[in-house]
1. Need the failing condition index for B:Lys107 against (1) under 27 Å from A:Ser111 (Cα atoms); (2) open to solvent by less than 40 Å² (accessible area, probe 1.4 Å); (3) within 14 Å of chain A (Cβ to nearest Cβ), just the number.
2. Within the stretch A:28-42, can one find any residue that is of a type outside the set (A, V, I, L, M, F, W, C), more than 8 Å from every other protein chain (Cβ to nearest Cβ), over 26 Å from B:Thr104 (Cβ atoms) and open to solvent by less than 40 Å² (accessible area, probe 1.4 Å)?
3. Going by what's in this entry, would B:Tyr32 be described as open to solvent by less than 60 Å² (accessible area, probe 1.4 Å) and of a type in the set (Ser, Thr, Tyr)?
4. Looking only at the stretch A:43-85, filter to residues that are open to solvent by 80 Å² or more (accessible area, probe 1.4 Å) and within 18 Å of B:Val100 (Cβ to Cβ); which one of those is nearest to the other protein chains (Cβ to nearest Cβ)?
5. What tally of residues in the stretch B:20-66 results from selecting those that are free of Cβ contacts under 8 Å to residues at least 12 places away in the same chain, assigned to a strand (DSSP E or B) and small (Gly, Ala, Ser)?
6. Any idea which residue in the stretch A:3-15 is farthest from the chain's Cα centre (by Cα), counting only those that are open to solvent by 50 Å² or more (accessible area, probe 1.4 Å) and over 17 Å from B:Lys42 (Cβ atoms)?
Amino acid sequence: DSGVTQTPKHLITATGQRVTLRCSPRSGDLSVYWYQQSLDQGLQFLIQYYNGEERAKGNILERFSAQQFPDLHSELNLSSLELGDSALYFCASSVSSGREDTGELFFGEGSRLTVL
Amino acid sequence: QKEVEQDPGPLSVPEGAIVSLNCTYSNSAFQYFMWYRQYSRKGPELLMYTYSSGNKEDGRFTAQVDKSSKYISLFIRDSQPSDSATYLCAMSDYGGYQKVTFGTGTKLQVIP
């Protein structure tokens, strides 16, 4: 058990809908990262938050947004869903801000999103 | 062309075999190299972390980096059925995890 909690584990929805994925990082970890994993693209970095502030952006679509709350949990909001958004969405956490060569990424078990 | 190429497998080996997993990459700025293991329906977990070229050993696992060839390897000695998982290589151009680029993973099955 990595200590990172993601909910829901599975989600089935229709095109055009909006969903929210939630992540609770390990106790003491200040950074939260969101990744998308699909069969053909592998793990794609979406966005990072550190202590409530956005720190880095990757290949995140404009239809997607995220935030990190004062209690350090994070939510990833996916809107106007398309079939191609079906994937595993992982949250990871670390102690560091990501700029220094320390620490380890701890991944949650993921949220599997299916868009029909 | 992807920045990181990894053979998806699947790779099936008998228990006790030596397993070799490999990745190639095109970005010469990469200097931090990692291997993650991902069991089915689980998140990835870090196995090995190396900086620049050379070898690093941890138990039955050895990671090799050849920056001149842009090629990294993970060797698993005395493979066990519990090693059956997908192995993802990952690399970054500095220590920041937000710039990590992952391979698509190689699925390994160790047959008892």
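1. Every condition holds for B:Lys107 apart from (2).
2. yes
3. Numbers: open to solvent by less than 60 Å² (accessible area, probe 1.4 Å): yes; of a type in the set (Ser, Thr, Tyr): yes.
The answer is yes for B:Tyr32.
4. A:Lys57
5. Residues of the stretch B:20-66 that are free of Cβ contacts under 8 Å to residues at least 12 places away in the same chain, as a first pass: B:41-43, B:45, B:54-59, B:64.
From what's left, assigned to a strand (DSSP E or B): B:45, B:54-58, B:64.
The next check asks that each one be small (Gly, Ala, Ser); those that pass are B:54.
Total meeting the criteria: 1.
6. Pass one, the stretch A:3-15, residues open to solvent by 50 Å² or more (accessible area, probe 1.4 Å): A:5, A:7, A:9-10, A:12, A:15.
Subsequent filtering for residues that are over 17 Å from B:Lys42 (Cβ atoms) retains A:12, A:15.
Numbers: A:Ile12: 17, A:Thr15: 20 Å.
Result: A:Thr15.
The values are calculated or read from the model by the stated rules, or taken from the named source; none is laboratory data. Everything numeric here is computed off the predicted structure, so don't read it as measured data. In this analysis, Cβ positions are derived from the backbone assuming ideal geometry, glycine residues included, and neighbour counts consider all displayed protein chains. Side chains included, ligands, DNA and RNA excluded: accessible areas come from the protein's heavy atoms. Shrake-Rupley method; radii C 1.70, N 1.55, O 1.52, S 1.80 Å.
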